[in-house]
Amino acid sequence: MAERKPIESWLTDMDGVLIHEGVPIPGAAEFIKRLRDSGKPFLVLTNNSIYTPRDLQARLSRMGLDVPVDNIWTSALATAKFLEDQRPGGTAYVIGEAGLTTALHDIGYILTDHEPDYVVLGETRTYSFEALTRAIRLINGGARFICTNPDETGPSTEGPLPATGAVAALITKATGKEPYFAGKPNPLMMRTGLNAIGAHSETSAMIGDRMDTDVLAGLEAGMETFLVLTGVTTDADIDRYPFRPSRVVNSIADLIDRV
């Protein structure tokens with residue numbers, strides 16, 4: 001593998017890397033503290049579009065992880081940045097929670113069900129049949145279809161829940177229109193995040209627990225990639241993929257001394 005430049009900035013996934021089922025993973029607090037003490041730019045990323053960065057900051061703080069709001073990057077923010085670049089001051093019909101609606105309000109978008117430029121699908125705790133029917137009719141009427149992320153399921157204490165990707169498939173089946181996904185593994189999420197902290201891919205690293213989203217997104221964005229084995233992907237899974245991470249480590253604790 002070609003020699004890379006020293007790592008000057010870090011991007012890390014949240015669930016499966018820093019926390020697991022609402023509990024901090026050993027070493028996560030120390031890793032975040034080392035990052036903050038170093039002064040290096042960093043972001044904590046999540047494909048979850050339900051929460052605002054302020055919500056996530058409070059959630060992490062309760063677990064003992066001190067992450068400033070400006071160091072949190074969500075698929076909702078990446079989606080908003082994409083729409084702001086594509087069609088400034090546009091309109092959208094949104095299915096989602098405060099994380100997504102707030103991000104769109106912040107870029108000056110008007111949320112409407114009357115001839116919107118876009119239908120934007122994110123995660124929500126309760127997908128309404130009425131809202132999905134409206135989205136299908138708007139897309140058939142010419143609205144462009146955007147999704148925050150392609151995750152098909154999400155975790156819960158009772159077991160997996162259908163997530164944005166699964167609901168998007170329902171809409172696609174009904175309309176024949178494929179959505180544009182802004183979140184991981186789209187490297188757009190990595191690049192917009194790097195731009196937000198003034199970092200460059202050639203001197204940045206991505207830490208994740210999933211080969212199919214975190215590692216793939218980091219790889220396609222040109223970053224060094226670290227796979228931790230505290231989340232979805234196991235050591236036995238790695239060889240099933242046609243690409244590899246730069247490094248495989250047991251957990252975030254193994255990367256504290258790399259900062």
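Values in this text are rule-based calculations from the coordinates and carry no lab data. This is a predicted model, so every value here is computed, not measured. So basically every Cβ, Gly included, is an ideal-geometry build from the backbone, and we count neighbours across all protein chains shown.
A few notes on this one:
- Spin-label pair Ile256-Asp66: with each label point 7 Å from Cα along the Cα-Cβ axis, the two points sit 1.5 nm from one another.
- Couplings 3J(HN,Hα) for segment 73-88, derived from phi with the Karplus relation 6.51 cos²θ - 1.76 cosθ + 1.60 (θ = phi - 60°), are 10, 10, 5, 5, 5, 5, 5, 4, 4, 4, 5, 4, 6, 6, 8, x Hz, where x marks Gly and Pro.
- Two-site FRET efficiency, Val23 against Asp237, from Cβ-Cβ distance with R₀ of 22 Å, rounded to 0.05: 0.45
- Annotation: Cα Rg of segment 3-101 relative to the compact-globule expectation 2.2 N^0.38 Å equals 1.20.
- Dimensions (Å) - segment 128-259, Cα atoms, principal axes, largest first: 53, 37, 27
- D_trans [Stokes-Einstein, Kirkwood Rh over alpha-carbon pairs] for segment 162-207, 37 °C, 0.692 mPa s, µm² s⁻¹: 260 µm²/s
- Euclidean distance between Cα centres, segment 144-223 to segment 57-92, Å: 14 Å
- Distance histogram in 10 Å bins (all Cα pairs of the chain, percent per bin): 7, 31, 35, 20, 6, 0
- Within the straight-line cut-off of under 12 Å between alpha carbons, the aspartates and glutamates reachable from Lys5 are Glu202, Glu224, sequence neighbours fewer than 8 places apart in one chain being disregarded.
- With respect to the chain, whose longest principal axis is taken over its alpha-carbon atoms, helix 187-196 is tilted by about 70°.
- Less than 5 angstrom separates the built amide H of Thr112 from those of Ala92, Tyr93, Val94, all sequence-distant by 5 or more or on a different chain.
- Bridging of Lys173 to lysines at a Cα separation below 24 Å is possible for Lys184, once same-chain residues fewer than 8 apart are set aside.
- Between Lys177 and Asp85, the modelled labels are 2.2 nm apart [label points 7 Å from Cα along Cα→Cβ].
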